[in-house]
Amino acid sequence: MKIVIAPDSFKGSLSAKAAAAAIERGIKKADDAVRTVNMPMADGGEGTLDCLIQATSGTFVSCPVLDPLGREISSGYGILGDGKTCVIEMAMASGLYLIGEHERNPMLTTTYGFGQLIVSALDHGCRQFILALGGSATNDGGAGMLQALGVELLDHAGKAIGFGGGALSELSTIRIDGMDARLKECEFLIACDVDNPYIGEKGASVVFGPQKGATSEMVAQLDRNLELFADVIRQTLGISIHHQPGAGAAGGLAGAIKAILQGKLKSGVAIVSRFTRLEEAIAGADLVITGEGRIDSQTAGGKTLSGIARLAQGHGVPVIVLAGSIGDGIEVLYKHGITAIFSIVNRPMKLGEAMAATEGLLEEAAEQVLRTILYT
């Protein structure tokens, strides 16, 4: 029997790699003869870089950058085993986890550090980029990134505007003639699992601004500022990103990458699956076991588990999901290739206790699921 183990991370508890190892231990307890193939997964958010480095025998390159509030930190990016493809998790330079809860303010936070990572990778010879945009602390529409790449964002007096989503209210002119010339040689794939537009009721500011610290007044201002930014981009380049699906990812960063760098939006899990050769592994398997911290009806909308299930469904391979918690509407997932869903929580416990015990709970759940399959 061959089982492909392909979990996402259990956020706040366990990395995808550690989750896969725990599931494998549980399987081996049930039957040590089972052949297992561990393939930790990600969907363009946290863990994408580690997942792709591991899958391709790549390397990590350290690099100093500015964090979302302009303070220097140590960050970095991955270079895949081909020696030319760079993977950047924007959260490692411009992520919400880098700042304290009391510091969250998308009027001030910038994607400048993310742009610095791109420049460093260019210096390293990279021309193929995979950009993972999950977990941002920013709502500057990609302005900071562009500033780091040499694009001039000027006010009515011809002076450079400052950092952050708030500074965009001063924008009058964009000059791209000073942009790093090497960018013309590059291809950018944007790993993204959201389809929100740049502006509007479903746009970056309204949907994601509050979780980054925006008040209702800030949300309204940020949305107006992104509209102004999009207007100036259209005037300068003849490209409209206002309502493009996905342009609102990472506080509008995806929109700037699409417009200025000709980036292409791709499903994060599709990119990861391609580089890890997940489908090849699934094709000859008897079972896929996957999992993540929480599963609900939204899991069908481009998340890691749904992408895995679609591949497995195409080869007639059943998929078992192990989840930390199970929300409403999971029945829709059965139409997307998921066979059964199990909670790993085996007794009443508080959230903190469950998160601390995730590794053991996951191992035990995997053992019990396989015993059920083998001995019934």
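What follows is calculated from the coordinates using simple rules that are stated; it is not laboratory data. Predicted model only: the values in this text are computed from it and were never measured. Cβ sites come from the backbone with ideal geometry, for glycine too, and all protein chains shown count toward neighbours.
Quick one: length gained pulling residue 202 to residue 343 fully straight, 0.36 nm per residue minus the C-alpha distance?
Taking 0.36 nm per residue and subtracting the Cα distance, the gain is 47.6 nm.
Which one of 168, 324, 22 has its Cα pushed farthest toward the positive end of the charge dipole of the chain, where Lys and Arg give +1 and Asp and Glu give -1 at the Cβ?
Of 168, 324, 22, it is 22.
Starting from the Cα of residue 124, step 7 Å along the direction of its Cβ; do the same at residue 180; then give the gap between the two resulting points in nm.
Placing both labels 7 Å along Cα→Cβ, they lie 1.1 nm apart.
Looking at the square roots a ≥ b ≥ c of the eigenvalues of the Cα gyration tensor of region 165-285, which shape do they give, rounded for a/c under 1.5, prolate if a/b is larger than b/c, or oblate?
Oblate, because a/c is 1.5 or more while a/b does not exceed b/c.
Of 11/159; 212/350; 17/202; 212/266, which sit over 32 Å apart, Cα to Cα?
On the way: 11/159 42 Å; 212/350 26 Å; 17/202 34 Å; 212/266 24 Å.
Result: 11/159; 17/202 exceed 32 Å.
So for each of 282-288, 56-62 I average, over its residues, the number of other beta carbons within 10 Å; can you give me the resulting order with the highest mean first?
Top of the packing list down: 282-288, 56-62.
Packing-wise, with mean Cβ within 10 Å as the measure, how do 153-165, 134-146, 42-54 rank, highest first? Mind showing how you got there, number by number?
Numbers: 153-165: 16.6, 134-146: 30.1, 42-54: 24.1.
Descending packing order for the listed peptides: 134-146, 42-54, 153-165.
Calculated from DSSP H runs of 4 or more alone, at -39500 (n - 2.57) each and per residue, what is the 222 nm mean residue ellipticity of the chain, nearest 500?
Per the formula, -10500 deg cm²/dmol.
Roughly how many whole Å is it from the C-alpha centroid of region 264-312 to that of region 335-376?
Region 264-312 and region 335-376 have Cα centres separated by 19 Å.
Name the most mobile residue of 211, 235, 221, meaning the one with the largest mean-square fluctuation, in a Gaussian network model of the chain with Cα contacts below 10 Å.
Looking only at 211, 235, 221, the largest GNM fluctuation is found for 235.
How big is the gap, in Å, between the Cα center of region 122-145 and the Cα center of region 34-76?
With region 122-145 and region 34-76 each reduced to a Cα centre, they are spaced 13 Å.
Of 218, 41, 349, which is the most mobile in a GNM of the chain whose springs link Cα atoms less than 10 angstrom apart?
349
Top mean-square fluctuation among 363, 187, 201, Gaussian network model of the chain, C-alpha springs under 10 Å?
201
Check residue 198: other-chain or 5+ apart residues with amide H under 5 Å from its amide H, H built from backbone geometry?
Here 243, 244, 247, 248 satisfy the definition.
Among all cysteines in the chain, which have no other cysteine Cβ under 4.7 Å from their own Cβ?
Unpaired cysteines in the chain: 51, 63, 186, 192.
Hey, if you put +1 on the Cβ of every Lys and Arg and -1 on every Asp and Glu Cβ in region 198-278, which of 215, 253, 271 ends up farthest toward the positive end of that dipole?
271
What is the spin-label model distance, in nm, from residue 236 to residue 1 if the labels are put 7 Å beyond Cα along the C-beta direction?
Label at residue 236, label at residue 1, 5.8 nm between them.
Using a simple charge model, +1 on the beta-carbon of Lys and Arg, -1 on the beta-carbon of Asp and Glu, nothing else, what dipole does the chain show about its Cα centre, in debye to the nearest 20?
Values: 31 positive and 41 negative charges, 119 e Å.
Roughly 560 debye, rounded to the nearest 20.
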